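Novice: Take a look at the following structure, please.
Read the figures in this text as sums done on the coordinates, not as results from a lab. Just so it is clear, the structure is predicted and the values come from calculations on it, not from any experiment. We place every Cβ from the backbone using ideal geometry, glycine too, and count neighbours over all the protein chains shown.
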Amino acid sequence: MVEFWPLPAVLVAPLYLVVLLSLLAGFVIGAFAAWLNGGRRRREARLRARRIEALERELAATQARLAASRPAALPNAAAPPN
């Protein structure tokens, strides 16, 4: 039996159930606090991922523009001299 003094509520349950529910409640509250605390890092990771994607698109566009602006090379021109 567990009493919630000064409230008039009384819970009749085995002690092991009260202990396990208390541990579960503590785990859930701790996980929620950790999730809230990691919000800034998750936001920074999302921003960095977007920046990386934008830079990769810019690099691909620049490489395509560079390849299009080069004159057509002869097949033997790319081979190193012996």
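Novice: Return the calculated 222 nm mean residue ellipticity for the chain, to the nearest 500 deg cm²/dmol, obtained by summing -39500 (n - 2.57) across DSSP H runs with n ≥ 4 and dividing by the residue count. Walk me through the numbers before you get to the answer.
Specialist: Numbers: 2 runs with 54 residues, N = 82.
Counting only the DSSP helices, I get -23500 deg cm²/dmol.
Novice: Can you give me the orientation-averaged projected area of the convex hull built on the Cα atoms of the chain, in nm²?
Specialist: 13.2
Novice: Of Ala68, Val10, Val28, whose Cα points farthest to the positive end of the dipole of the chain (charges on the beta-carbon: +1 Lys, Arg; -1 Asp, Glu; origin at the Cα centre)?
Specialist: It is Ala68, whose Cα lies furthest towards the positive end.
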